[in-house]
Amino acid sequence: MPTTLDTTRFGTYGGTFAPETLMAPLFELDREWKRWTNDAAFQAELADLLANFAGRPTALTHAKRLSKELGCELWLKREDLLHTGAHKLNNTLGQCLLAQRMGKRRVVAETGAGQHGVASATACALLGLECVVYMGSVDAARQRMNVLRMELLGATVRVVEHGQKTLKDAINEAMRAWVADPTETHYALGSVLGPHPFPSIVAGFQEVIGREARKEFHARTGKLPDVVVACVGGGSNAIGIFRPFLPDAAVELVGVEAGGLGVGKGQQHAARFAGGEPGVLHGCYTYLLQDDDGQIRPTHSISAGLDYPAVGPEHAMLHDEQRARYAWATDDEALRGFEVLAEREGILCALESAHAVGWVLRERAELAGKRVLVNLSGRGDKDLDTIAAARRAKDGA
């Protein structure tokens, strides 16, 4: 076994900050990922699953009514139409197929909004793997429909009752479960986070979004978009659509974080680039929200999928290189984005994606006359309880 892991970095970010007990599983994963993703039969099987099980390619929709209202040309990449209702299935099909090739019988996963948990349970059911999903109790309460979906798909859902009881704490427990049984278990991490090779693995499986979007947009318009917009929690849907546009210098890339209750001093949010600084969390060096003592600050977002206190290291690099711009939208702006898209275009998008739509609504003057492509990372069925409660609170106020 080599003495050092290939610590692929994104500029100064990324790396492998992991305890000794995780190094052997990470070595194995790095080796097997490179082996199998360069295997023609593996790629053919994954392509078949994406087309004939998941439903790729997903549609590119011209939002005609909203375009007219905003004064820009607005297009939507419809990951909400993918089987299970979000982009997460792109990654879980790839990782579970990889786990099968590696001879693993069990997959553990973490989830916040529940979509990665549902996608993991779905892929495991399809491929005959045992599935255990860790989920913070706060997220489990606000995403109870997705908990039921996971259980119906045969997964065991283990609710985490410590810490902030959200995604960060679920990741902690999933990593502990992996290190306790690395021989039989694969950890299917859901976003572009963690120690190498996870950020590269997840990004590679999500690039299909951007490859399709670039091809579809050019076929429909004869041009490329002026601006590509995606919400950013850990950042997998955003990296997925950003990567194929990186060589196109004229295409601006905008990631929209969760502004929560506001990004001012003392307000809770999850806008890492607005209020964070570089540090290490869950095995990689990246931007994160921490206090003066290096302790992780509490976060808040109306969307369960955007309240992670750190961001994927590739996003940190794109931010520092000024290749991508990172903005934010508040809870209220996300709700407005959800409502406007529903009322004007007949689409109920996930609250995560609604942050990107909310940013477009707020920045309509800047975007006037431009071709704007928004990635709708998922559908909003899972968020209806949260949205109903927010509307009741607003009406009561």
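The values are calculated or read from the model by the stated rules, or taken from the named source; none is laboratory data. The model shown is predicted, which means the values in this text are computed figures rather than measured ones. Cβ placement follows ideal geometry from the backbone for every residue including glycine, while neighbour counts extend to all protein chains displayed.
Data for the structure
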quantity	calculated
Spans of helices (runs of 4 or more DSSP H) in region 297-385 with at least 2 residues in contact (Cβ under 8 Å) with a residue 40 or more places away in the chain and touching a strand residue (DSSP E or B) at 6+ places or on another chain (Cβ under 7 Å)	313-320, 331-345, 351-362
Only listed residue being farther than 27 Å from LEU341 by Cβ, small (Gly, Ala, Ser) and not in a helix (DSSP H, G or I), chosen from ALA24, ALA18, ALA44	ALA18
Sole exception among (1) in contact with an Asp or Glu (Cβ under 8 Å, 6 or more places away or on another chain); (2) crowded, with 24+ Cβ neighbours inside 10 Å for ALA356, by number	(1)
Index of the failed condition, ASP293 passing every other in (1) without any contact (Cβ under 8 Å) to a residue 12 or more places away in the chain; (2) in a helix (DSSP H, G or I)	(2)
Residue in region 82-100 that is out of contact with any helix residue (DSSP H, G or I) (no Cβ under 9 Å at 6 or more places or on another chain) and either on the phi < 0 side of the Ramachandran plot or surrounded by 22 or more Cβ atoms within 10 Å (Cβ to Cβ) (or both) present	no
Selection from region 361-374 of residues that are surrounded by 22 or more Cβ atoms within 10 Å (Cβ to Cβ) and touching a Cys at 6+ places or on another chain (Cβ under 8 Å)	LEU367, VAL372
From GLY337, GLY358, GLY396, GLY380, residue being at negative phi and touching a Lys or Arg at 6+ places or on another chain (Cβ under 8 Å)	GLY358
Selection count where residues are among the small types (Gly, Ala, Ser), in a loop (DSSP other than H, G, I, E, B) and surrounded by 15 or more Cβ atoms within 10 Å (Cβ to Cβ), scope region 209-250	3
Selection count, region 133-165, where residues are among the small types (Gly, Ala, Ser) and part of a loop (DSSP other than H, G, I, E, B)	3
Sole residue being more than 19 Å from the chain's Cα centre (by Cα) and either over 24 Å from ALA54 (Cα atoms) or not in a loop (DSSP other than H, G, I, E, B) (or both), chosen from GLY255, GLY262, GLY194	GLY262
The listed residue being at pLDDT 95 or above, in contact with an Asp or Glu (Cβ under 7 Å, 6 or more places away or on another chain), in a helix (DSSP H, G or I) and surrounded by fewer than 23 Cβ atoms within 10 Å (Cβ to Cβ), out of ARG65, ARG35, ARG31	ARG65
Selection from region 146-179 of residues that are surrounded by 22 or more Cβ atoms within 10 Å (Cβ to Cβ), over 19 Å from the mean Cα position of the chain (by Cα) and of a type in the set (Ser, Thr, Tyr)	none
Any pair with Cβ under 8 angstrom, 6 or more apart, that starts in region 47-62 at a residue that is assigned to a helix (DSSP H, G or I) and ends at one that is basic (Lys, Arg)	LEU50/ARG56
Test: residue in region 305-323 that is among the hydroxyl-bearing types (Ser, Thr, Tyr) and farther than 21 Å from THR166 by Cβ	no
Members of region 166-190 found to be within 17 Å of ALA121 (Cβ to Cβ) and in a loop (DSSP other than H, G, I, E, B), listed by number	ALA188, LEU189, GLY190
Filter result (in a loop (DSSP other than H, G, I, E, B) and surrounded by fewer than 23 Cβ atoms within 10 Å (Cβ to Cβ)) within region 265-281	LYS265, GLY266, GLN267, GLN268, GLY276
Any hit, region 45-62, residues being modelled with pLDDT of 95 or more, among the charged types (D, E, K, R) and exposed (fewer than 14 other Cβ atoms within 10 Å of the Cβ)	yes
Residues within region 83-113 that are assigned to a helix (DSSP H, G or I), within 13 Å of the chain's Cα centre (by Cα) and more than 15 Å from ALA155 (Cβ to Cβ), tallied	2
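Each row is one residue, and each column tells you yes or no for (1) among the polar types (S, T, N, Q); (2) outside the structural domain of GLU69 (by TED's automatic domain parsing); (3) modelled with pLDDT of 95 or more.
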site	(1), (2), (3)
TRP328	no, no, yes
ARG344	no, no, yes
VAL357	no, no, yes
ARG364	no, no, yes
LYS370	no, no, yes
ASN375	yes, no, yes
LYS382	no, no, no
ARG392	no, no, no
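Per-residue answers, yes or no, for (1) out of contact with any Lys or Arg (no Cβ under 8 Å at 6 or more places or on another chain); (2) at pLDDT 95 or above; (3) under 19 Å from GLY94 (Cα atoms); (4) in the same structural domain as GLN115 (by TED's automatic domain parsing):
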{"site": "ALA188", "(1), (2), (3), (4)": "yes, yes, yes, yes"}
{"site": "PHE198", "(1), (2), (3), (4)": "yes, yes, yes, yes"}
{"site": "PRO225", "(1), (2), (3), (4)": "no, yes, no, no"}
{"site": "VAL229", "(1), (2), (3), (4)": "yes, yes, no, no"}
{"site": "GLY235", "(1), (2), (3), (4)": "yes, yes, yes, no"}
{"site": "GLU257", "(1), (2), (3), (4)": "no, yes, no, no"}
{"site": "PHE273", "(1), (2), (3), (4)": "yes, yes, no, no"}
